[in-house]
Amino acid sequence: MSVIERAPVIANTAGISLICGLREFSLDVKGRLVLPREWMGRLGLPFVLVPTADGRLFAMNIRRWEQSLRHLGSHPLHKDALQAESELICTVDATTGRFLIPWTLRERAGLKTKSLVRLLGRGDCFEIISRERWLREQAEVRA
């Protein structure tokens, strides 16, 4: 169950439902996280976890990821992420709504098991970030 459940704002632009809002869940001991049911349909299943150079982790639709790769062509986008492509594709357990974040991606994003993790809606994708990092970044913005 989510600790923070701020209802997502569903923006509709040309018939497209966007993933918005903030959710907070605990990452279980196996490295699994809950995907809010209302986000599943908007994201599309299965989806892809994409790490960034600065240690962020984004979940996006496979088609969007493929479009990004085609757009970038031969640009060296996160070579280590591309080499571990089999770890990027996620499926969601239909009963529990949980998905596994591979340990390599958890480590890269600084996500620890049994800790609080925030899901931040970003339109057609969402970011997965540790609660500590999110609070630290918010404090830096306010300073």
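Here are some notes:
- A simple spin-label model places the labels of Glu24 and Thr95 3.0 nm from each other, with each point 7 Å out along Cα-to-Cβ.
- Label-point separation, Ser115 to Arg142 (7 Å along Cα→Cβ), nm: 2.1
- Gain on full stretching of the segment that runs from Thr104 to Asp124 - 0.36 nm per residue minus C-alpha separation: 4.8 nm
- Counting other Cβ atoms within 10 Å as a rough exposure proxy, the listed residues Leu120, Leu43, Leu69 run Leu69, Leu120, Leu43 from fewest neighbours to most.
- Restricting the trypsin sites (Lys or Arg not before Pro) of the stretch 84-132 to loop positions (DSSP other than H, G, I, E, B) with no more than 12 neighbouring Cβ atoms within 10 Å leaves Lys114.
- Our coupling estimate for the stretch 44-53, obtained by passing each phi through the Karplus curve with A = 6.51, B = -1.76, C = 1.60 and θ = phi - 60°, is x, 10, x, 10, 10, 9, 10, x, 10, 4 Hz, Gly and Pro reported as x.
Rule-based calculations on the coordinates, nothing more; no lab input. If you're wondering where the values come from, they're calculated on a predicted model, not measured in any experiment. No Cβ is skipped: glycine too gets one built from the backbone with ideal geometry, and neighbour counts run over all protein chains shown.
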